[in-house]
Structure formats: structure tokens, C-alpha cells
Amino acid sequence: MRFLGNIEAKTDAKGRVFLPAVFRKVLQASGSESLVLRKDIFQNCLVLYPESVWNEQMDSLRARLNRYNAQHQKIFRQFVSEVELVNLDGNGRFLIPKRYLSMAAIRQDVKFIGMGDTIEIWSNEKVEESLMSSDEFGQALEEIMAAEPLAAVTQ
């Protein structure tokens, strides 16, 4: 499953928004219908996870945490409790709850950004703050691609 690109959209007065058709097609091709919505951990945006991707993330985190460690339990609880299950209606719309709109400072104009196996939802006003300049991006990518791949380092 690969979500790519960025698409602008608008929420309606109730907080509903159309999932862009290109992303709906990817979901349909993968057989996924349910989505999980969560505020991003690091950025001021929302993230839509296909249910299968969410389950993999949850399983991966759980495998790294000890159920008998209080701090680990708090981390897991916060990770899984701050989510909303999302289903698309017949028109391809879904509701972004008011608390999530507030968390991501979304008013009306949004930008969907395909991030491979997830989709980010940004306030149009906030998305530019999260991006590097073209020069910074080129330099950072050059440094990363010149480095030895992580898989080779860990072997």
C-alpha cells in the first residue's frame, strides 16, 4: 500500500471531508475499508492509518514494551487511547471530530499528504512550517543517501 502526493481539500461545517479519490483507490485495491485517526506524535497534524497498518504499529510497539513496567503501560495506553476509528460514507467522506480539528489547528482548508503507508492531514496554514527549503532538503537527502544503509550497518 503506497499513498503518494498531496491534495488540498476543505472540511464542511460539521468537520466532514472527502478522502481524495486517489487515496480511496489505494485503500480499495488493498481491501482496506476501516481507518484509524490519530494526532501525530511529533508534528501538528493528523494521521490516517489503514486498519492493517495501525495493527502492525500497535503490535510492534507492544512487542517492545513490558506489561509489568508502569512507564511502558502509560506509553501504550496513551498511544492506543488517543485514536478514533474512521469509516468512509458512501460518498467517500469521513468526520474529523472537533477535538482533532482543534489539536491540528484545522479550520477549513486541509492538505492530505501521502506518506507511504499512512496519510497525513494538515491545516493548510501549518503544512509549510513542516517542510524544509529546497536547499535544506537537497543537502539532507544527499547526506542520507551517501551514508551506508542502515540494514548494512546492523548486520
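The values are calculated or read from the model by the stated rules, or taken from the named source; none is laboratory data. Here the structure is a predicted model, which means the values were calculated and not measured. A quick note on method: Cβ atoms are made from the backbone with ideal geometry, for glycine too, and the neighbour counts reach across all protein chains shown. Accessible surface areas use protein heavy atoms only, side chains included; no ligands, DNA or RNA. Shrake-Rupley method; radii C 1.70, N 1.55, O 1.52, S 1.80 Å.
In the range 77-111, what count of residues is obtained for those that are touching a Leu at 6+ places or on another chain (Cβ under 7 Å) and over 16 Å from residue 39 (Cβ atoms)?
Count: 2.
Give the residues of the range 88-119 that are within 14 Å of residue 45 (Cα to Cα), touching a helix residue (DSSP H, G or I) at 6+ places or on another chain (Cβ under 7 Å) and not hydroxyl-bearing (Ser, Thr, Tyr), sorted by residue number.
Of everything in the range 88-119, those that are within 14 Å of residue 45 (Cα to Cα), touching a helix residue (DSSP H, G or I) at 6+ places or on another chain (Cβ under 7 Å) and not hydroxyl-bearing (Ser, Thr, Tyr) turn out to be 105, 109, 110, 111, 112, 114, 119.
Confirm whether residue 2 is basic (Lys, Arg), surrounded by 15 or more Cβ atoms within 10 Å (Cβ to Cβ) and within 13 Å of the chain's Cα centre (by Cα). Don't jump to the end; show me each part of the working.
Values: basic (Lys, Arg): yes; surrounded by 15 or more Cβ atoms within 10 Å (Cβ to Cβ): no; within 13 Å of the chain's Cα centre (by Cα): yes.
For residue 2, the condition - basic (Lys, Arg), surrounded by 15 or more Cβ atoms within 10 Å (Cβ to Cβ) and within 13 Å of the chain's Cα centre (by Cα) - is not met.
Within the range 14-62, track down each residue that is part of a strand (DSSP E or B) and over 27 Å from residue 128 (Cα atoms). Full working, then the answer.
Step one: of the range 14-62, the residues part of a strand (DSSP E or B) are 16-18, 34-39, 46-50.
Matches in the range 14-62: 34 only.
When residue 71 is evaluated against the numbered criteria (1) open to solvent by less than 80 Å² (accessible area, probe 1.4 Å); (2) farther than 22 Å from residue 130 by Cα; (3) outside any loop (DSSP other than H, G, I, E, B); (4) of a type outside the set (A, V, I, L, M, F, W, C), which criterion, by number, is the only one it fails?
Of everything listed in (1) open to solvent by less than 80 Å² (accessible area, probe 1.4 Å); (2) farther than 22 Å from residue 130 by Cα; (3) outside any loop (DSSP other than H, G, I, E, B); (4) of a type outside the set (A, V, I, L, M, F, W, C), residue 71 misses just condition (1).
Would you check if residue 9 is of a type in the set (A, V, I, L, M) and either part of a loop (DSSP other than H, G, I, E, B) or free of Cβ contacts under 8 Å to residues at least 40 places away in the same chain (or both)?
On the way: of a type in the set (A, V, I, L, M): yes; either part of a loop (DSSP other than H, G, I, E, B) or free of Cβ contacts under 8 Å to residues at least 40 places away in the same chain (or both): no.
Judged against the criteria, residue 9 is not a match.
Please find, within the range 42-87, the residue that is farthest from the chain's Cα centre (by Cα) out of those that are among the small types (Gly, Ala, Ser) and modelled with pLDDT under 95.
First, the residues of the range 42-87 that are among the small types (Gly, Ala, Ser): 52, 60, 63, 70, 81.
Right, trim to modelled with pLDDT under 95 and you get 52, 81.
Numbers: 52: 13, 81: 16 Å.
Among those that are among the small types (Gly, Ala, Ser) and modelled with pLDDT under 95, it is 81.
Sort out which residues of the range 43-56 are in contact with a strand residue (DSSP E or B) (Cβ under 7 Å, 6 or more places away or on another chain) and surrounded by 18 or more Cβ atoms within 10 Å (Cβ to Cβ), and write them in order of number. Spell out the reasoning first.
Initially, the range 43-56 is screened for residues in contact with a strand residue (DSSP E or B) (Cβ under 7 Å, 6 or more places away or on another chain), giving 45-51, 54.
45, 46, 47, 48, 49, 50, 54, listed by residue number.
Go over the candidates 36, 80, 26, 53 one by one and state the one that is touching a residue at least 12 places away in the same chain (Cβ under 8 Å) and closer than 13 Å to residue 112 by Cβ.
Working: 36 fails: closer than 13 Å to residue 112 by Cβ; 80 fails: closer than 13 Å to residue 112 by Cβ; 53 fails: closer than 13 Å to residue 112 by Cβ.
Checking each option against the conditions leaves just 26.
Pick from 26, 22: which is at negative phi, β-branched (Val, Ile, Thr) and open to solvent by less than 70 Å² (accessible area, probe 1.4 Å)? I'd like the intermediate steps shown before the answer.
Values: 22 fails: open to solvent by less than 70 Å² (accessible area, probe 1.4 Å).
Only one candidate qualifies: 26.
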